[in-house]
Amino acid sequence: MTNDLLLLAMLALVVINFALDTTLDVLNDKSARTTSEPRVSEFYEPDKYKKSIEYGSEKFRFGLLDSTLNFLIILAALSFGWFAVLDNAVRNYLDNELLISLGFIATLGIITSVINLPFALYFTFQIEAKYGFNKTTLKTFITDRIKGTLLSLAIGGPLLATIIYIYQQIPQWFWLIGWALVSSFSLFSFMFGTKIFLPLFNKLQPVAEGELRNEIENYCKSQGYAMSKLYVMDGSRRSTKANAFFSGMGRTKTIVLFDTLIEKLTTPQITAVLAHEIGHYKRKHTLSMFLLSNLQTFALFALLGWLLGNPILSEALGAAQPSFHIGILAFFLLFSPISLILGIIDNALSRRNEFEADKFAIDTYPDSKQHLNAALKTISTDSLANLTPHPWYVKVHYTHPPILERLAKLN
Ligand SMILES: [Zn+2]
């Protein structure tokens, strides 16, 4: 009885989530197409503006197809007890509980990526290519996938196996040790990810000698920031879209500028963007966001420790015997409202940090206001950004402020 109610709750949450997501997408698409914005002409020629609307609408329709398919599959899986079927199938081949959990999760992972592969292909080689953004060759696409899979097997596999083993051996301490393991790994990738993992996919080089390097060097010196922590990355291998980011902390801090950014902007504009990234470091944004996500992981594991051992989770999904993998699946289906709320909080903080980093740039680099203004305009129009996203959509999905809001604050 209780497990039927729990299954109903999961189904209801899946439906509510889908309805909520779809409503936001529809509102956002409508907002982009119908909001009249007097400042549009400062950004786009009429033709390019039309193109930006079409690009947004095409991504919206594509996303709707993708999310509807995923929604229907999860709905069917819950209604027809497919997770229990898969659990049984894996148990026919394996008899060790640890291997059964790993086998189940791996099979589910493979099924998910097979379903999502055509969508990823279509997005990269049809939509992104049609609007002139895609630079990824099929070869790069395939090797990226292979490398990504191998990397998650090499790192995620042993990490997951250890957590499941601890869950099976000392269930009462699983949540604390599991959290310690996950947070140690995320600390490691936070500190060294750009150094160790990023070069597997991209080439990182120091900024070439010349005018740009001199300007950057002067600015970095004025802020006491080491030039050796600054790289240019071949983002142009995959896309024409420009970007820059900050990662790590202390001695492992790193700023990465995409070559596409350097290509599109002038020297003072690039330096103003760099000043913004250094602002993230100086204002301790990356560190505080890292600590926050760690705190959230702690709460998540505490909840897991409390609920995961309850056989009702596995029963609700129709599994004959309780297990780590079925329990955790049920847990995450029930956890979705909390993760939505956490996401909204994280995004709000992240958008606030962007304003702060802009302010840092203005305070520390001469004429930043004008240069950052021009840089942000170029970056957003070049990527056909939506000038009028729906405010609710922004709250749920935007880690950066919408461009008009950001420029208004800047000025
Ligand atoms: Zn930023």
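The values are calculated or read from the model by the stated rules, or taken from the named source; none is laboratory data. All figures in this text were calculated on a predicted structure; none of them were measured in a lab. Counting neighbours? That spans all protein chains shown, and the Cβs are built from the backbone with ideal geometry, glycine included. Just so you know, the surface numbers come from the protein's heavy atoms only, side chains and all, with ligands and any DNA or RNA stripped out. Shrake-Rupley method; radii C 1.70, N 1.55, O 1.52, S 1.80 Å.
Values as computed for the structure displayed
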read-out: Some residue of segment 200-214 being in a helix (DSSP H, G or I), away from the ligand (no atom under 16 Å from the Cβ), open to solvent by less than 70 Å² (accessible area, probe 1.4 Å) and more than 21 Å from Pro366 (Cα to Cα); value: no
read-out: Residues (surrounded by 12 or more Cβ atoms within 10 Å (Cβ to Cβ) and more than 19 Å from Asn243 (Cβ to Cβ)) located in segment 130-140; value: Lys130, Thr137
read-out: Unique match (being modelled with pLDDT of 95 or more and within 14 Å of the ligand (Cβ to nearest atom)) among Ala244, Ala272; value: Ala272
read-out: Strands (runs of 3 or more DSSP E) within segment 216-293 that include 1 or more residues open to solvent by less than 40 Å² (accessible area, probe 1.4 Å) and in contact (Cβ under 8 Å) with a residue 60 or more places away in the chain; value: 254-258
read-out: Qualifying residue in segment 59-81 (condition: touching a residue at least 60 places away in the same chain (Cβ under 8 Å) and among the acidic types (Asp, Glu)); value: no
read-out: Conditions (1) under 30 Å from Leu261 (Cα atoms); (2) hydrophobic (A, V, I, L, M, F, W, C); (3) open to solvent by 10 Å² or more (accessible area, probe 1.4 Å); number of the one not met by Ala361; value: (3)
read-out: Qualifying residue in segment 172-183 (condition: of a type in the set (S, T, N, Q), over 20 Å from the mean Cα position of the chain (by Cα) and in a helix (DSSP H, G or I)); value: yes
read-out: Ile146 in a helix (DSSP H, G or I), β-branched (Val, Ile, Thr), surrounded by 15 or more Cβ atoms within 10 Å (Cβ to Cβ) and modelled with pLDDT of 95 or more; value: no
